[in-house]
Structure formats: structure tokens, C-alpha cells
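A short reminder: the numbers here are calculations on the coordinates, not readings from a lab. Just so it is clear, the structure is predicted and the values come from calculations on it, not from any experiment. Counting neighbours? That spans all protein chains shown, and the Cβs are built from the backbone with ideal geometry, glycine included.
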Amino acid sequence: MRFENSYVSYKRDTSLLLYWMIKTSNPIIENLDNSGHNVALEVNATGQITVSDLVAMSELIAKYHPDIPSTIYHLFLSVIKLRHTYYSRFQQLAELNPSEELEKRNSTHKYFIDALTSAFETLGGEKWLSQEREKQASNDEEEEIDPNSFSFTNKFSALDLENDILDADSEESDKESAPSQKKRRLRKGKKKVKGKKAQRNGKSSQSDGRALDIALESYRIIEEDDASEYAMAVLALTRDMIQFRLFLQGIWRKVAYRNLNSAVAAATANIAVAMIKQYEATIFIDFPGYESFERIKQTIMHGEGEEANREMYCCIRSESSGKATVTPTILDKKELFLIHTYHDLVDFITDYQKTRSGKPTKRMLAQIDNWNPDLDLQKATKEERVKWRRSYTINWLYDLVNITSCVAMHGENAKKENYVLEQMDWSNKGPLKSYHRMFGLTNFAAAVTTLAMQKYGTDFRQNIPPHLVFHLQCIIDAWTVSRGWAIGWLKGHILSEPAPTFRSRRDLDIFLGREDLNEENGNGYFLSVACLKMNYMYSSNGGKGFEYTESCFKALTELGSEFRDALGKCKIFQSLSGLLPSRFASTNHNGAWDYSPFFCGAGLVEGLELSYRSAMALWEGMLEPTLIIHLHNMLVQKGYLKQEISLYSGLGWALSDTFFAGGQPPTRDFVEAFRSRFGKAFRSHVSKCKCRKATNRRPVGKITNARDFLSLTSLHLFKQKSVLSMYESVDWDPSRIPESEVDPRSALALIRLSQTRRIRDPVTSAWRLEETDLVKRTKAAGIGESCLVETLGPMLDELRDDMTAERMLRFLYRDVYGDIGGGGRPLSCLCYIGITIQMLLYFENLEAELQKSNSTTFELLYAGDTASDDLCSLKSYQRLQVTLRALGGNDKALLKSMAKVFKEYGGEFSHNMYWSIEDDEDETSRGPLLDDCHPECCIL
């Protein structure tokens, strides 16, 4: 999946352009050389050329290969435009903040642009451009549908060319699995790089014009000073971080002031962090050793004194009465580029390393002690607010690392294990994985703890990546926004009254059942699990089939214990308060959670994801969920139920791919439809009845928590993922989500469809989308070819042309909101344990109704022990038999009894959500907080 980060686009288009030019020029050079001609250029076997060679290569191609594809001209325009954008911004900055370094960068950009322009003109670009403009003016309708038509923003040409390249090289994909990719180091001064003469009979020479045996990303232009291109990469990355930060602040404001679920905000932030991490890998692969935030900071500050260079000028463009004006505005660089947060992180790590005791040094205590969570930020000065935030950040980081490491430092077995702190793996894969400490922030906490536990004096700054600083900034912003303080692009500090009734654990307590701060009350996770276990054990006759279900109950119970110990509070940390008190103990012993909406939201995200997976594992081993959904659908289709029971119709819709073959509820042949789907489940159910010996052979040491149980449980039927579980499985990186898991009705599907290759039908000459798995499933979901091309076409075109990182995040927010907030398929916000209880109660009430009415069906199916040893519990088997009889449709009395019980003991879908559905306005539009958040001007 593509993301239109400006530097990534620049790299991609440059690589595609050079691929074609080298592929085209190599045979020309080789033929001329073999004919005895004197050729200045050599066959290129590396994919790398200098700026000057670009012009010479264009002259050679223009002379011997004049037929230039329109696509190549588009690529030239794209690269020139992107490079010119950077040049303009650096030029504006140089006018306002003159410096020798900026002047040097500008001259490099200008030289590069001039060379590209010269090569474009040499290849006939100006003539082509004139013709395309005439064509565009005379045929606007064709312009709208033809991917090869002229447009400065149309990306069809570049995307289709890349697909062609990948298709052509598919036969040699195995060879490219470990490409020889040369990396750049930043160079000062001039260093000319020449291509090497290729062997005549070697693969790299390839006179038939095929691609070189190197990765597409290796095609690049070598510049005299890579510092200019590094600055371009930094500019693109920091721009995305700024835009992400401002967008996420708006979401956290909704959490605090308008009851948006905190899990929605935290999950969206997780995606943003993963996207920043992906950008780092893509952008900085060419600059080894320069990928740290420290290097980025030096580039932003131009190597000057930070206090003297903390402000920057920004040019704001406006237009009035047809007249454009440019107004210089002063911005705070340290605030805008997360440098305050970076310094706080560095100071914390440095201080922690001095003693590695978990307690601040006296010097640090003098700065951060006696922090007041209720400081009136509106009355405080800017400097006081920054100082207040710094104290909060360092205090919170101390608690974070201490919670993560307390078992290793002060636990019962700490001395016995003799842990080497600087070499520890602090993640859930390390030696402390059985101790549940950091729900929702495990990876972040592990990264920070690893840095803090290094020996004092270790140079750790080069090991702090940008995404770690951005993640910390998101955590801090969630708290400051709830206290009425946000950061705007142009306005700086934006202040308002603190959210009057907001509590960080608000949504988390509802999920767990602690809304009255009493774990035993409420209908949340804790009470639901206890009620389910009691109900199922009471109604079941046991047997081998109950063993798998009992294992699921144990996992649910274990998960509940983990939630009690470490979700919303940390009992291990609190038990060690005498040795390692919380830094917030003077105001709140649980301040690490209660003063962090992000921590609570992220913890809730993981809690919801684990509870969903646990419920699906349970339903995989039960018959009742599948039975009741098919029964309800049949009674509705046959008219026995005049009105659907929203609980079961909602479940049938939300989990349609699980309950029904092809995702469509049957309208007839109900027994066959049931068996085509249920046969698989029944075989799985019976196999689980026989799994006790296999289970007993599992190494005991491997299963230490509910996650281990879930990872070892294979689901064959209930494998549909929620949005949260889908993202969690790929570490929140949307580009890694398999196409087979993308819901055709999701925002992610729209993005993927917009980037699907276009193919012209050879018969009708109409354009259509390539028949990928997603396209096929989209059509199967009821969105036909004409709808894709005519109705959704304009939207897909717009997304394809302008899918910036921020816009992608805004789209993906809708999927997260729908999953948790109830606006789409709310798989993550349903209390499945409570729903399971209702399903069991339905069958109990049905059996009571049949017995009361002296039903012959009851006597036939419920009298005596008809279950064999190999089948599952007696009750479940009897319910299977009565369901098959009902689906046959001949037992009218049975169908009437079933409908009666459904009407009397039905359920509301919305009543089984942990939170009520909140109507949220279109989040792709900007709220008042973000009106000034367009960093369109120069920001370096």
C-alpha cells in the first residue's frame, strides 16, 4: 500500500525514471561500442548515475531512441516538481534566515533542477507538453477517464509503469530477494561516481534491454552533496509528524470533552507511530548512521546554538482581491519539531542511568518534585507551562520504567536470577513475560527501559529513533489536551478550561466493570466471565467435549487476573511502593495511569483485542453461537419472526463471513446452508473433543499467560479479525495487512482499491480494475464493475492522486472508530461473554417451553443419553439435533415455540456494547482546534 510522503514519492519516481533511462541507454551504448564508435558513457551496471551523466544519457536516447513514452515525461515533471518544492522552501528560508549552509543547499537544488529540466527538454519534453495541453483543452471528457492523459497530479502513469517493471522482473524475483543495495553516507565536498564497464557476456550487460539484476530502489542519482537530499528526507518526515500530531490532538480533545472512546484515539495513534516507523525505514535506508532523532535535530537547528535558534520564520501566503501577499510569521522550532520532548527524554535517560535505582538524583528532584497536576495552565506563562510539562514527562517516565523493571530490580527472585539489566529483553518475549506490567505500551516501555538501563556514560542518543520521540509526544499530548492545553501550527499554545468531568480510566473502568470503582459490580468483563462459567457448567453434562471449553474458560479467567493486576493499575508496582514509590505518590498512587489518558486508552485497546480473540476461541469450541444465528435467520425468512431480534441479526451481519457461506444469509435450503458452513465447525468441534492427550503433551513452560493459549489455538471457523486484532497482528502498520483480510466495505479497502492497477478491456476499450482478490470480494459484496468505475471512480481517482500520510490516517480513523465506537462493524466493542450467556439462556428457555408444552420434539430429542463418548457435551449435541429438525421446516409447532422464545427473550444489539454509540461528525474535516494546522510553507 502506497503512502504519498513527499520524499518517498520523489525517491520512487526518480528510481522509475532512471530504470527506464538506463534500460534504454545500455543497449545503445553497447551497440555503439561494439561498432567502434567513441561513446562517452559506459554501460551502467549499478543503477546509479551522476547529475551530469543524466544529461548525456538523455542526448544519447534522443538521438537513437526518439520514441519516448508519455509516462517518462510524467515522471520527469513529477521529479522536477517535487525537487522544485524543496528548493522554493529553502530559498524562502534563506531570505529570512541567511546562512552559508542554506545557500549551499539551494545551489545544489538549483543545479539538480536545471539538469533535470535540460534532460526533459532534450528528450522533446516541451513539444510533448504543448501537445498534451492542446489535447487536454480540446477533450476534457477523455481527460477524466484516460489514465495516460496529461495531468500534473495524475499518478496513473508512474504507478502503471512500476507494475510493468515488477511484472517484467517477476521471473527473477528470487534473485532480488537479497538485493545488492549500496547505501549512501553523507559526504562533504565533491565526489564523482562513475559507472563500471560491464562485462560483455555478463548478466549486468543485458543487451536485450531487460532490467539489471538489482532492486528498483537502487536506481538513484548520486549528488555531490548528499546533505541536501538528507535535508529533504528530514523535511518530509518532520512534516508528517507535525500533521499527525495536530490531527491526534483533535481526537484526544474529543475524548476529553465529548466522550469519544479513548481506545479509538490510542489505536489511531498506534497506526500513526507505525507509519512514522515505516517512513524511517524507507527514507533513511540511504543514510546509515543518520536515522536518529539527534541527527534530525541537528539538521533542523542547522548546527547552531539551540537557544539562539529556537525560533524560525515561516511564510504565510494569502490572496485578497486577486492580489497575493506573503507574510512572515515566527514559529517556535523546539515546540513544533518535538525537540522539547526529545530533550526531556534524553535528560530522563541520563538521570536514570546515573544510579539505575529507579529514583531521581537530587539535582533532578529539585526540578521535578512537587509537581501539581491541577496547575492553572491558562494563568501560567509559556515558560511555566513548558516546565510543568517537563516535570510531568520525567516523573511519568520514571514510573513507566520502574513498572517495567520492578520485578527484575526488587522482586523476590531478583538476586537469585542475577539479571544483567543492560542486556535484558524487557518486552513480552523476555524473561519477565509472565509478569503483566504494561498493557498497551509494552514495546514503547521496553524501548525506553532498554535505553535507561544502559551503563552511565553510554552514548545512547544515536539509538533514539524519531518514532520513539513521536510516540512519547502523543502520550504527553493526550494528557495536556485533557488539561486544556494544545499546540497549534500557527497559534502556538491554545488554551481552554480543563475537561470538567473527564477521567483517564473512564472507558477502561466500564470495560472491566469498575464504573463504580468496585470490581465486583457492573456488567463488564469480570462479572461476565464469572456468570458465564457458572451458567455453562450448570447447563452442561460435561464429557470430553467440555475439556476444550474449560480450557477457554481458564484462559478467560487468567486474562481477567491479568487485567486485575496490570490494566488500569499495577499491583506489582504498588506492592513495592516502600522500595520504589510512584513519582506521583503525593497526589495519586496510581498516577501513571490516572494522569495518562493515552496509557489507559492503549491498555484498553489491548484488553479489547485479547478479549475478542478469547471469545472467538470460545465460540470455536461451542455449538450454540452458530445454531442460534442460523435459527434466527430461518425464522425471519419464513415469517415466524415478523421483526428481527437486533442482537442476532446484528451478529449475523457483523460476523457474516463467519456464520454464512459467502457471507450471505440463506433464504432457502436452510439445512443445506447450515451443513455447508456448520459441517466444518462440527468436525472441528469433535476434533477438539479428542485433544486432551495432545494438550497434555504441550510443554508446560510455554504457556504462561492468556496470550500463549491464544497463540497455540488454531481457529478454523471463527477466524474473522476485528480491526484491532487485524492491526495488532501487523504491529499497526497498515501497509502490512494482507489483502485477504481487508473488509471490502472499509476505508482501508477504498485506499487499496484506489491504488489497484487499471487495465484497458481489449474488447470494449473501457478501463477497469485488475481482478485482485479484493476487487473480486468487493464485487461479491454487491459493488459491481459499473459502480467501481462510474460511482466510486472519481473518489478512487482523487485518493490515488492525493493520498498523503495525514489523509490516509484520517481515513483509517473511520475503520477504528467503527470497530470500537459502533459506527461500522463494531466487533471490538461487543461484550461477547454476556452475549454467550444470552445464547445459553435462549436454549434453556426453549427447552423449558418445549417441556411445558408437552412437545413431541422434546420427548424425542431430550429423553435419555443419546450422546456418544466421542461427541461433545450432552446438551450441545441435543441442541444440534433440535436445530437440524427446525431448519428442515416441517415441525410447525417447534418453529412457533422457537419464535415465541425469541420474542420473549430476545436482545438488543446495542445493549451488548460496552459503550453507547456516539455520533461522530466526519473526522476527515478539521475542527476548530486544527484550523491553523496546514504546514504548507517552509519548515526547515
Across Lys533/Lys852; Lys875/Lys896; Lys554/Lys875, pairs whose alpha-carbon gap is larger than 24 Å:
Lys533/Lys852
Can you put Lys334, Lys491 in order, fewest other beta carbons within 10 Å first?
Lys491, Lys334
When every alpha-carbon pair in the stretch 723-821 is counted, what percent end up more than 22 Å apart?
31
Quickly rank 574-585, 364-375 as a protection proxy: mean count of other C-beta atoms within 10 Å, highest first.
574-585, 364-375
Amide hydrogen neighbours beyond the local backbone of Ile487, cut-off 5 Å, H modeled:
Ile494
Total formal charge among the other residues, if their Cβ is under 11 angstrom from that of Thr480, Lys/Arg +1 and Asp/Glu -1
+3
Please report the projected area of the stretch 596-637's Cα convex hull averaged over all directions, in nm².
4.0
Quick check for me: using +1 on Lys/Arg Cβ and -1 on Asp/Glu Cβ, what's the dipole size of the stretch 723-821 about its Cα centre, in debye to the nearest 20?
260
Using the structure shown, select from Lys333/Lys382; Lys379/Lys491; Lys333/Lys379; Lys104/Lys277 the pairs with a Cα to Cα distance greater than 20 angstrom.
Lys333/Lys379; Lys104/Lys277
What is the packing order of peptides 765-777, 727-739, 461-473, taking the mean over residues of other C-beta atoms within 10 Å and listing the highest first?
461-473, 727-739, 765-777
